Structure formats: C-alpha cells, structure tokens
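Report on the structure given below.
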Amino acid sequence: MFGSTVTLMALAVLVTLSVGGVAYVFLYPHLTGEIEGERRMAKVAETATKKVRVDKGPSRREVVSERLQNKEKKDQHKAKKGKPEAPPLSLKIERAGLHWSKHQFVLVSAAFGLGTVAAAMLFDLPFFLAVAAGFVGGFGLPRWFIGFRTKRRIRKFMDEFPNTVDVVVRGVKAGLPLNDCLRIITQESPVAVVREEFSKIIETQKMGIPLADAIGRLHDRIPTAETNFFGIVISIQQRAGGNLSEALGNLSGVLRDRKKMAGKVRAVSQEAKASAAIIGALPLIVMLLIYFTSPDYITLLFSTSIGNAMLIGCAFWMLCGVLVMRKMINFDF
C-alpha cells in the first residue's frame, strides 16, 4: 500500500514537472512579450533594408537573381504545359552544321528509304520486312545522322569554349571592345565549330540586332547550359553594366569546373558502361557460338514458327533490358 502511494506521488510530480516545462517553453515568451519584441525588431530591420535599397537602387546581384528567377519561372511554366516543343527541322539541320534545306533533307530521306528497300529485296526478305526496312531507312537513319553530327559538333564546341571565354577576358582586360574580341575568335580559334558560331554572331549583329540578343541566339544553335550562362552574363552586363572581365573570368572558372566534373563522371561510369555492353552482347555471342558448333540446334529458331515467335519475344525483352541499362548508366551532369 505504501509502495503504491509513493509511486502515485512520483508520477504526479513527474506529470506536474512535464506540464510546467511545456507551459514554460510555449507560454513564457508570449507572457513576457519576447515574441512581440522579435516581430517588431524584424519589421524595423525590414523597413530599414527597404529604405537602403530604395536609396541605392537594385544591386547587380539582385538584377542577376531576378533574371534567373524569371527564366526559371518560364521554364516551370513550360514544363507544366507539357513536354517542350521540339525544335523545327531547319534548326536541327543548322545544329548539325549542314547546309541543307528542308527540300534537300526530304530528298535525302527518300533516297535512304528506297536504298534500304532495294537492299532488302536483294536479300529476298518478305515484303513487310522490306517495307519496315524502308521506313527505318527513310525516317530513322537521316534523323539519327543529324543527331549524331549535332552531338559531335556540340562536344567539339564545348571542349574549346572555356578557352574562347578566356580569349574574351584577356581582350577586355587589354582594353579591346567586346566586338573586336569576338572577331579575334572568328579568325584565330583552332576549332572550326567555334569560328562558325561566332561568325554567325558577328553577321547577326551586322544586320542590326543588338549584341546581347545575337549572343543569346547562340544557345539556340548550341543548346547547352554553358552557352546559356554566357548569354545571360553578356545580357546583364549590357543592361546593368559592371566589370565584364571579372564576370567572364568567373564564368570561365565555372566552365572548367563543369568540364572536370564531366570527366570524372565519365571515368566513374565507364565500368558500368563496359558491364552493360558485355551483358547486352553476350546473348548474340552465345548464339553465334552455338551456330558454329551445333547449327542444327540453333536453326530451329529460324525455320519454325515457334522459333520465330521465340526470337521476336527474346528480341523484345533484350531491347527492354538494353534500354533500362542505358537509362541506368546515362548520367546527366
């Protein structure tokens, strides 16, 4: 009996202390006016900051931040509407560095399609396979070729782009105008892609378009984050002023750091890519080895309807596996 009474008293004391502690933490600041004082101090500080900003005007950091926030809002608005619109065919051809018109591209696609159909007929393939080969050759191969050239061209441009920005920085520090620095790049750059793109900037400016807008169009032809940064820096400097050499010097450092990070990502992902390539090629290699050692065993897949169905199913699942592995090892940076 005595023990139970002591236990109840101890529990009552602990509950009282707990309730008192909670009340002290949450009610004491309201009773003493500390929270109200903090609110008043925050309002005073905010008012003083606004007055200073009104007196001094928007700072360069605020202008850059506002511009980036506006661009981010536009990108989010486009993302909410759905997938971004695909660039027109003329822009795709320009990104690939080809001097084709749409009519020429259609003729080349038709030639590819007819060539693949003729090749399929020479190998005595069924009619539906010849039609499928013509569809792939007419619509797939030309677009794959343009995408391949575009990626290679962008890679060459980005390898030289930090050095190009350094040329502009040195020229501005030496007292040259920005236009003269761009002309030096068009004449002295060792990479043809860089010379072509900056020549287009000079030609666009000669047509009466402002320099900031002309450089901003570089991102349309070379759709990378680095060219977007370059266009934003030039645009802000043209509107708000400031030390262009310092801004471009910082941009050059960022570009080189991104390039180093990209190299590290490629080095780390090479093992996964090699493993994926071996796994993807292993079924084909085993099929060839079985064909050379036991041709009667493997030819059933090609000579019977059940074997054809099995080949189609295996090809489908192999394609799914390859796409999944490609997604796993394709790192965005």
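The criterion of at least 3 residues that are out of contact with any strand residue (DSSP E or B) (no Cβ under 8 Å at 6 or more places or on another chain) and small (Gly, Ala, Ser) is met, among helices (runs of 4 or more DSSP H) falling completely within region 123-195, by 127-135.
For first residues located in region 226-243 and in contact (Cβ under 8 Å) with a residue 60 or more places away in the chain and surrounded by fewer than 16 Cβ atoms within 10 Å (Cβ to Cβ), partners that are of a type in the set (A, V, I, L, M, F, W, C) and in a helix (DSSP H, G or I) and lie 6+ apart or on another chain with Cβ distances below 6 Å form the pairs 240/63. Here is a check on your reading of the model: is residue 197 farther than 18 Å from residue 153 by Cα and either surrounded by fewer than 15 Cβ atoms within 10 Å (Cβ to Cβ) or touching a residue at least 24 places away in the same chain (Cβ under 8 Å) (or both)? Against the criterion (farther than 18 Å from residue 153 by Cα and either surrounded by fewer than 15 Cβ atoms within 10 Å (Cβ to Cβ) or touching a residue at least 24 places away in the same chain (Cβ under 8 Å) (or both)), residue 197 does not qualify. Would a scan of region 115-124 turn up a residue that is assigned by TED's automatic domain parsing to the domain that holds residue 225, modelled with pLDDT of 85 or more, among the polar types (S, T, N, Q) and surrounded by 15 or more Cβ atoms within 10 Å (Cβ to Cβ)? Within region 115-124 (the criterion being assigned by TED's automatic domain parsing to the domain that holds residue 225, modelled with pLDDT of 85 or more, among the polar types (S, T, N, Q) and surrounded by 15 or more Cβ atoms within 10 Å (Cβ to Cβ)), the answer is yes, since at least one residue qualifies.
Applying a threshold of 8 Å to beta carbon distances and a minimum spacing of six or more residues, or different chains, the list of pairs starting in region 255-277 at a residue that is among the charged types (D, E, K, R) and ending at one that is surrounded by 15 or more Cβ atoms within 10 Å (Cβ to Cβ) and assigned to a helix (DSSP H, G or I) reads 256/162; 258/226; 259/158; 259/162; 273/329.
Restricting attention to region 297-314 and to residues that are surrounded by fewer than 11 Cβ atoms within 10 Å (Cβ to Cβ) and either among the aliphatic types (A, V, I, L, M) or under 31 Å from the mean Cα position of the chain (by Cα) (or both), the residue that is farthest from residue 287 (Cα to Cα) turns out to be 306.
Scanning region 315-329 for residues that are surrounded by 13 or more Cβ atoms within 10 Å (Cβ to Cβ) and aliphatic (A, V, I, L, M), we see that the one that is modelled with the highest pLDDT is 318.
The values are calculated or read from the model by the stated rules, or taken from the named source; none is laboratory data. Computed from a predicted model, the values in this text were never measured in an experiment. Methodologically, a virtual Cβ is constructed for each residue, glycine included, from the backbone with ideal geometry; neighbour enumeration extends over all protein chains shown.
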